[in-house]
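Student: Structure below; questions to follow.
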Amino acid sequence: MFKNTISNLGRIRQVAEVLIRYGFEDVVTNTALRRLVPKSRRKSWQEGEYPVFETTRWQRIRMVIEELGPTFIKLAQALSNRADLLPQPLIDEFEKLQSNVPPFLVAQARRIIEQELGQPLEEVFLEFEEETLGSASIGQVHRARLMTGEEVVVKVQRPDVQEKVRTDLSLLRELVSLTAPFLRKQGLANPQDIVDAFERSMTKELDYTSEARSMEQFRKLYESYDTFYIPKPYREISTSKILVIEYVSGCKITDKAQLLGWELSPEKVAETGMDIYLTQIFEFGAFHADPHPGNVLVQPDGTIVLIDFGMVGRLTKQQKYAFAGCSLVWPGKTPAAWP
């Protein structure tokens, strides 16, 4: 572990200084991180130009996450759905990271697409919008039109994101080790288990070919459903770093005003969404594992559309019964006696 700490020393120091700059000196001074910040570079809460105390502690946590980059943003996005673990003010801030991540330059996106496909962008797309349709921690999305006329979106990974994520995953392990006593006092009993699960998920998400396969599998599972739709991936013009997907419009599932404007019942939409999700878990044993509002769209006819299949979970038969046991009581039967 000492060897890993040395290799990550520069990045760990950067993390510590970002924490201090945004008013989280206690996280540094009360953990082993304090040994990694040279005295000449230490700052007090009163120094520096940024007025951190004009914001709340929850806002400053979100600012720290944004500055630390894609790995930390992705972790915060996942935690934004965990009202059982985090206070609501922090969840409110993390929800801002679901679709408000700053994009990278379109020139870089074009260069990545052309390098991956081995041909000029104009030979693949009849139209390509330079303004991003959305930007996330791992990549960003541009609307386009294929030479055959189909409307698509092109998902492009951020430059050098794979190397940055791998470095930061190693760093997260070090940070958890250095701050474990502090985290336990804050009520987080198993931070290392969270990092382990997150690392497995992120490793898969860095490969867009895995996401394309997941989309195709879900399309087959739900091909008979008229209330649920998964966009079609174009695997023949996709790679591990770019993913071309059918364009599908809709509003966020949390956009109540738009749902009512389409004369849809938010309650009915919620019921449909719950039916779809429970079907994923208990019938198919395969589920979309990142269902934050930015990834769940509703169309004017009430059809629910799931996008971004970078995080997909799978359950064994035994695990499905275990989930059922959390909410069901079978009179006269123990779990061992279930069918």
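The values are calculated or read from the model by the stated rules, or taken from the named source; none is laboratory data. Because the structure is a prediction, the values reported are computed rather than measured. Areas reflect the complete protein model, heavy atoms only, side chains present, ligands, DNA and RNA absent. Shrake-Rupley method; radii C 1.70, N 1.55, O 1.52, S 1.80 Å.
Student: Using the Karplus curve 6.51 cos²θ - 1.76 cosθ + 1.60 with θ = phi - 60°, what ³J(HN,Hα) values do you get for each residue of segment 228-235, in whole Hz, with x for Gly and Pro?
Tutor: 9, 9, 10, x, 7, x, 9, 5
Student: Name the long-range amide H neighbours of Glu127: under 5 Å, sequence gap of 5 or more, or other chain; modelled H, no Pro or chain starts.
Tutor: Hits under the 5 Å cutoff: Arg145.
Student: Per residue of segment 201-217, in order, report the coupling 6.51 cos²θ - 1.76 cosθ + 1.60 (Karplus, θ = phi - 60°) as ³J(HN,Hα) in whole Hz, putting x for Gly and Pro.
Tutor: 5, 5, 4, 5, 5, 6, 10, 5, 5, 5, 5, 4, 5, 4, 4, 5, 5
Student: Carbon-plus-sulfur fraction of the accessible area of segment 183-273, 1.4 Å probe, in percent?
Tutor: Whole-percent figure for carbon plus sulfur exposure: 48.
Student: Using Cα pairs closer than 8 Å and at least 6 residues apart in sequence, work out the relative contact order for segment 68-146, in percent.
Tutor: So the answer I get is 30 percent.
Student: Roughly how large, in nm² to one decimal, is the mean projection of the convex hull of the alpha-carbon atoms in segment 138-295?
Tutor: Result: a mean projected hull area of 12.4 nm².
Student: Using a probe radius of 1.4 Å on heavy atoms only, what accessible surface per residue do you get for segment 111-245? Whole Å² is fine.
Tutor: That works out to 51 Å² for each residue.
Student: Further question on the same structure: Debye calculation, C-alpha points only, no solvent: report log10 I(q)/I(0) for segment 188-245 at q = 0.15, 0.21, 0.22, 0.25 Å⁻¹, in the same order as the q values.
Tutor: -0.58, -0.81, -0.84, -0.93
Student: Still on this structure: Tell me whether segment 88-168 comes out rounded, prolate or oblate; compute the Cα gyration tensor, take square roots of the eigenvalues as a ≥ b ≥ c, and use a/c under 1.5 as the rounded threshold.
Tutor: The shape class here is oblate.
Student: In the full protein assembly as shown, how much of Lys164 is accessible to a 1.4 Å probe, in Å² to the nearest 10?
Tutor: Accessible area of Lys164: about 110 Å².
Student: Something else: List the relative contact order of segment 73-218 as a percent without decimals, with contacts defined as Cα pairs under 8 Å and 6+ residues apart.
Tutor: Worked out over segment 73-218, it gives 15 percent.
Student: Next up: Given a cut-off of 30 Å, name the pairs among Lys155/Lys317; Lys252/Lys317; Lys164/Lys320; Lys155/Lys220; Lys232/Lys317 whose C-alpha atoms lie farther apart than that in the structure shown.
Tutor: Checking Cα-Cα distances, Lys155/Lys317; Lys252/Lys317; Lys164/Lys320 exceed 30 Å.
Student: Size of segment 272-328 along its principal axes in angstrom, Cα-based, largest extent first?
Tutor: Dimensions of segment 272-328 along the principal axes of its Cα atoms: 37, 24, 16 Å.
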